[in-house]
Structures are given as structure tokens and as C-alpha cells.
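The values are calculated or read from the model by the stated rules, or taken from the named source; none is laboratory data. Nothing here was measured: the structure is a model prediction, and the numbers come from that model. Virtual Cβ from ideal backbone geometry, glycine too; neighbours counted across all protein chains shown.
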Amino acid sequence: MNTKNPRPPTDFAPRQTSPLVRLYYEFNTLKQLYRQGWLERGIPPEECESVGEHVFGVALLGLLIAERHYPDLDAEKIVKIALLHDLGEVYAGDITPGDGIPPQEKRAAELSAIQKIFRDVPNGETYIRLWKEYENGSSPEARLVKQIDRLEMALQASVYAHQGYENMQEFLDSAARAVEEPALRALLGEIEIRGGRPRRGRE
């Protein structure tokens, strides 16, 4: 499998497919698109978190954190934004800083993907607007999801560290720089990254 971009999702969708079925085939791609940051740190594909798994983690954390710590925010909106926030990677791929692509070019590629995905979907403009909210950080819910996205990354790094993989502390440090909300910082404080050891059989 191409770990950078799986098989194009349109390969699965006959021309007459309804918008919702076509959208399913598109977002299904994220189940097979590995998070490139982990691959770059030596996590093998068979153990690597997919973008789809990451999105699930952010959405679930968003729901639970919103209901527990942020009753004044719109929990449903938080979950929607979390589910949408990486959907542009269906066509743009998981672009990392190591790819050398300018941020504005990355955003343009993902916006084009989002517009393509939702062009024929009922209420599609609403979903595009929510994605833009996330990108721009233009609502309290969007700003919270951005920080939960970093929290999920730190939690996944701690999982890999406990499984014996090295060089995970940098992800916790990155999250610590991005997370400002006290409730989220308290959760970050519970995460321990131990020095990992290369596991037997790793190249």
C-alpha cells in the first residue's frame, strides 16, 4: 500500500453513486492513510495510527471533555468539527513539515479537497464552513478542537513510548506548547513518556 496516499477513493464510486455513498468511499480512505509523523519516527505501517483512527480519538475526546469541562460550549459542534478537521487529507494526503510544503499551499490543497467532497452533499456548505472555522480558529469550539488534536497526539505518543518506541518526548513537548486550556493541560500532566527501547525485530 502507498502509505502517503492510498488508492484514490473515486475508484470505488460508479458515476451514478449517490453523494452520501460516494462520501463514504472518500472518507474510508482515511482508515488506510497512516499518520506520516509516526512513520517518520519509525513506527511500522502495521502498528501505525491511521488518520481515521486519529479523527475518532479527537472526536471522542472532544465529546467527553466538552461535557465534563466546557458545558457552556456546543458539544455537538465540537464533535462535528473534530470529525471534519482532517477530512481534506482524503485528497491532499497527510502533509507534514518535513514535506517542505508552505502552510498556505497545504491549506489550499485541503480546502479544495473539502469543497470536492461536499460539493453535492446535502447541507454541504455547512460542513465546509465548520472546516474553515477549525482552520481559522474562529470559534471557541474550533479553538478547543485544535488543542484536543494536540492532546490526542500526545496520548498516542505515550502509547508508542510504552510499547517501546523511541523519540516520543518531542510530541509531548509540542503538545505542551500548543495546549493552553487548563483542563487540557491537566490531562497532559498525567501523560508520562518513558525512554523507549528499540523492539526486537525492528529494522
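Condition test on residue 121, is it farther than 18 Å from residue 58 by Cβ and among the hydrophobic types (A, V, I, L, M, F, W, C)?
Yes: the conditions hold for residue 121.
Quick one: count up the residues across segment 36-90 that are touching a strand residue (DSSP E or B) at 6+ places or on another chain (Cβ under 8 Å) and of a type in the set (S, T, N, Q).
Residues flagged as touching a strand residue (DSSP E or B) at 6+ places or on another chain (Cβ under 8 Å) and of a type in the set (S, T, N, Q) within segment 36-90 amount to 1.
Hey, among the residues in segment 31-69 that are part of a loop (DSSP other than H, G, I, E, B) and either at negative phi or under 13 Å from the mean Cα position of the chain (by Cα) (or both), which one's surrounded by the fewest Cβ atoms within 10 Å (Cβ to Cβ)?
The qualifying residue surrounded by the fewest Cβ atoms within 10 Å (Cβ to Cβ) is 44.
Check off (1) surrounded by fewer than 16 Cβ atoms within 10 Å (Cβ to Cβ); (2) modelled with pLDDT under 95 for residue 26 and give me the number that stays unchecked.
The number of the failed condition is (1).
For segment 70-82, give me each residue that is touching an Asp or Glu at 6+ places or on another chain (Cβ under 8 Å) and either under 13 Å from residue 181 (Cβ atoms) or not in a helix (DSSP H, G or I) (or both).
Answer for segment 70-82, where residues must be touching an Asp or Glu at 6+ places or on another chain (Cβ under 8 Å) and either under 13 Å from residue 181 (Cβ atoms) or not in a helix (DSSP H, G or I) (or both): 73, 74, 78.
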